[in-house]
Amino acid sequence: MSHKSVIQLIRQNVEDLRDFGNLPFEMRNSVGAGRHTKYALLTEPQATLLLTFMRNSPKVKYFKVLLVKEFYRMREQLKNTQVPAQLSRMEIPLLVSH
């Protein structure tokens, strides 16, 4: 599923996703693309709900597995990381090494 398709799916289900909290969007420069890309800053419950809205093609199943693994990997690393309160949610992953 492409980034554009995921953003479209989020927009189609924005009210359901907002049942699980605020749904902010950010524009950021794409690495190497030289243009701005829109990102939705989803909470874990919002991302989980979004996954249930996706069809389970092999590509989507692969995406779901990677996303779940990344959530829990980051959760474990963030437990042991001091995160300054002024960082945005988009900056937090930059603190976590891969």
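Read-outs: derived from the displayed coordinates by stated rules, not from any lab. Just so we're clear, the structure is a prediction, and the values are computed from it rather than from any experiment. Reconstructed Cβ throughout: ideal geometry from the backbone, glycine too, with neighbour counts over all protein chains shown.
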Would you mind getting me the FRET efficiency between L49 and N29? Use the beta-carbon distance for r and R0 = 30 Å, nearest 0.05.
0.60
Counting pairs of alpha carbon atoms under 8 Å apart in space and at least six apart in sequence, what relative contact order in percent does segment 1-50 give?
36 percent
Below 20 Å, Cα to Cα, which lysines can K79 reach? Residues fewer than 8 away in the same chain don't count.
K69
Have a look at S57, A40, L67 and report the one farthest towards the positive end of the charge dipole of segment 40-81, computed about the Cα centre with Cβ charges (Lys/Arg +1, Asp/Glu -1).
S57
